[in-house]
Amino acid sequence: MLKKFCPHASVSTLYELSPNFFLSRGIRGLIIDLDNTLVAWGEDKISSRMREWVREIKAAGLKICILSNALEHRVRAVGESLGVPWVSRAVKPRKYPFRQALKILGTSPRETAVIGDQIFTDIWGGNRMRLYTIWTTPLSTRELISTKAVRRLERLVVKRFQKKGILP
């Protein structure tokens, strides 16, 4: 039951993920969450370090698509600023928005990773599509009140994974 919520990998920050991490696993496309993964929650300002990370990823020939439940104007602002396509108002973990992102990237599930900070949206949605899932620590503690409530359940699930030795 819990397996569908378990990421294939976990990192503290996107910066831990080099192009070689993906290429060595046969991954050519990245579906990346917006809030608390690429930028702090509710922000559209991209740090210079994040811009550099995106440049390195793209320079290695990897494709990126932002997939977010956020409204169009914010997702578009970040996507255009980084020069990457996006899907907004995704309603993750539904499969349809992940299919849209795969179509945009032109990659198959086995050669695509999804990266996000939420187990019940990003990771569950990615696992439902058989993508390589990477869970990252949120960039900020600011978020919707509903997300804060779900984080409590998320912590219980993560503790269970850690107890079983699935996650460090």
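The values are calculated or read from the model by the stated rules, or taken from the named source; none is laboratory data. These figures come from a predicted structure and were not determined experimentally. FYI the Cβ positions are ideal-geometry reconstructions off the backbone, even for glycines, and counts take in every protein chain you see.
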Looking only at the stretch 98-112, and only at residues there that are touching a residue at least 40 places away in the same chain (Cβ under 8 Å) and of a type in the set (S, T, N, Q), the one that is nearest to residue 38 (Cα to Cα):
112
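Is it true that residue 104 is over 11 Å from the mean Cα position of the chain (by Cα) and modelled with pLDDT of 95 or more?
On the way: over 11 Å from the mean Cα position of the chain (by Cα): yes; modelled with pLDDT of 95 or more: yes.
Judged against the criteria, residue 104 is a match.
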Qualifying positions in the stretch 92-116 - of a type in the set (Val, Ile, Thr) and either closer than 23 Å to residue 137 by Cα or touching a Phe, Trp or Tyr at 6+ places or on another chain (Cβ under 6 Å) (or both):
112, 114, 115
Restricting attention to the stretch 54-75, the residues that are out of contact with any Ser or Thr (no Cβ under 8 Å at 6 or more places or on another chain), among the hydrophobic types (A, V, I, L, M, F, W, C) and surrounded by fewer than 18 Cβ atoms within 10 Å (Cβ to Cβ) number exactly 2
Out of the stretch 125-138, which residues are assigned to a helix (DSSP H, G or I) and buried (at least 21 other Cβ atoms within 10 Å of the Cβ)?
125, 126
Looking at the stretch 103-123 only, could you name the residues that are in a helix (DSSP H, G or I) and buried (at least 21 other Cβ atoms within 10 Å of the Cβ)?
119, 121, 122, 123
Search the stretch 113-137 for residues that are farther than 14 Å from residue 32 by Cβ and pair each with any residue that is surrounded by fewer than 21 Cβ atoms within 10 Å (Cβ to Cβ) and at pLDDT 95 or above when their beta-carbon atoms are under 7 Å apart and the residues are at least 6 apart or on different chains.
128/95; 129/95; 129/109; 130/109
